[in-house]
Structure formats: structure tokens, C-alpha cells
1. When the residues of region 223-243 are narrowed to those that are touching a helix residue (DSSP H, G or I) at 6+ places or on another chain (Cβ under 9 Å) and in a helix (DSSP H, G or I), which ends up nearest to residue 127 (Cα to Cα)?
2. Does region 103-121 hold any residues that are part of a strand (DSSP E or B) and within 14 Å of residue 156 (Cβ to Cβ), and which are they?
3. Go through region 183-222 and count every residue that is under 16 Å from residue 132 (Cβ atoms) and assigned to a loop (DSSP other than H, G, I, E, B).
4. Does at least one position in region 160-182 carry a residue that is surrounded by fewer than 16 Cβ atoms within 10 Å (Cβ to Cβ) and within 24 Å of residue 93 (Cβ to Cβ)?
5. For region 36-54, which residues satisfy the criterion of being closer than 16 Å to residue 96 by Cα and either in the same structural domain as residue 152 (by TED's automatic domain parsing) or within 15 Å of the chain's Cα centre (by Cα) (or both)?
6. For region 68-85, which residues satisfy the criterion of being within 21 Å of residue 112 (Cα to Cα) and touching a helix residue (DSSP H, G or I) at 6+ places or on another chain (Cβ under 9 Å)?
7. Taking residue 153 and the conditions (1) on the phi < 0 side of the Ramachandran plot; (2) not in a strand (DSSP E or B), which numbered condition does it fall short on, given that it satisfies the others?
């Protein structure tokens, strides 16, 4: 065999050994990721929250389903969603009903006391009214004396209360919470509330679903927030494994393409730290 042939043969053997070693390491890494059900990543998700989480033809769809579809296979895991109302997600995580929260969970200091976050997008709120209404609020300060529908447990509820206390005096904002965003939108259509404050992406989906009987009147994102995957405090192994895969997806550009699909952006490290601390 010529020297060139011998070199080529050695190269092929080296590549083959490297591939096998990589598979062994990757397999060991996947096997080391312990979950509640072996081989399965149970994800808590409020599946009535389009475009983030919803069910179509019996299948979970939306941003969170797309994120999990990218991450879980790289950990050697199958994803199974556990449909859970938003207000019960953290309690479900603490009770080991699922391994991870993948449900557009806003990052707040209070929640960060009981869950570890992996940031994966940033969004914010919008104000939505009936299309036939002359009331067209632009800012939270415009809501004094109004009945405002919200998703139960949403991060902006205390922010609205702060706005009411600071600006509304004897004409406070009347906050009304609903189990789902769809119920809040229905309450608006049936005149049970005057306005709905909800996530910007969710509000856009609600307008479309209503056949344009609803409209968004705010002109900018209100109370900008970071959203993160939530993992139970103390589960460092899963936290590190998911974070490593997210970092790789971001570095490759694959994750940026996914965010673009939903008109979202990745928060900066500073924005994430500000969200954790409650700093404006």
C-alpha cells in the first residue's frame, strides 16, 4: 500500500474510533440524565395559551413544543407534556408531577426562590379591548376605574396593583383573574371586563381567533419580561444538561431561527439578571 493509501486508512480508522467514542460519551450523558419517568422528559405546560402552548389535532403545538423538540432528543429523552393550568405549574413541579416547566413562564424574583430558570425568550404585555369600544388605553395608567381581565397567576398582576396604588387613588384598577387567557378574552367579548391585559403574542392570537372582534390598543410592549424554562431547585443535573443543549442551539443559530418564527428575541444576560432581581 502506498504511503498515501496508508495515511488514508489510518485517517478512516481514527475517524471511526472518534465517532464510536462520541456515541459512547453521548449515550452516557443521556443515560445520566435522571427524570421522573426513565427515558421521558415530563414537561408541565398550560396548553390553552397560543401561540406558546396549545393542542391541535391531539398534538401539543407552539413555541414550547418546538423548544422541547429541539432539546429533548439531544438528551436522549422523549417529551411528554402534562397539561396544567398556569397557576398550578410551580406547585406541580415541586410535587414532582413533571421535570420541567415549558409554558412561557415569566422570570420573577418570587418564582426564582423555588425554581431555577433557563432563559429562552423575552416578551411583554398588550392591552386589548372590543373593536366596537371607543376606550383605547395605551398605558397601564389609563386603566384606573376599569375592570381588567388577566390570566390567573400572571406576573403583571402585581404590577397592575402597583400602578393602581400609585396613580388611581379612589378610582382603582379592578383586576379580575381567569384560569385561561381564552376565558379572559371571552369575558371581554361578553362585556364582563372592559379590557384584557395579556402577553403580546397571546393577544395577537386572540384578535385573530375572535375574527377581529377584539383589537390591541397599546402601542408598545408593556412590562417587558424574560421567559424561562423552569426546573426544580436542587435538580442541578437536569438544569446543567438542558442549559448545555440550549447554549449549543443558540451558538449554532438554530435557536435564533426558531425565535424569529414567533417574532421573539433572546434576552441578554443583563436582562435575565435584572428579571431575577426585580430590577427595572
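1. 242
2. Of all residues in region 103-121, those part of a strand (DSSP E or B) come to 103-106, 115-121.
Correct list: 104, 105, 106.
3. Of the residues in region 183-222, 10 are under 16 Å from residue 132 (Cβ atoms) and assigned to a loop (DSSP other than H, G, I, E, B).
4. yes
5. 43, 44, 45
6. Answer for region 68-85, where residues must be within 21 Å of residue 112 (Cα to Cα) and touching a helix residue (DSSP H, G or I) at 6+ places or on another chain (Cβ under 9 Å): just 84.
7. (1)
Residue-wise test of (1) buried (at least 21 other Cβ atoms within 10 Å of the Cβ); (2) over 28 Å from residue 279 (Cβ atoms); (3) in the same structural domain as residue 206 (by TED's automatic domain parsing).
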site: 76; (1), (2), (3): no, yes, no
site: 81; (1), (2), (3): yes, yes, no
site: 85; (1), (2), (3): no, yes, no
site: 92; (1), (2), (3): no, yes, no
site: 95; (1), (2), (3): no, yes, no
site: 99; (1), (2), (3): yes, yes, no
site: 115; (1), (2), (3): yes, no, no
site: 119; (1), (2), (3): yes, no, no
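The values are calculated or read from the model by the stated rules, or taken from the named source; none is laboratory data. No experiment lies behind these values; they were computed from the predicted model shown. Cβ: placed from backbone, ideal geometry, glycine included. Neighbour counts: every protein chain shown.
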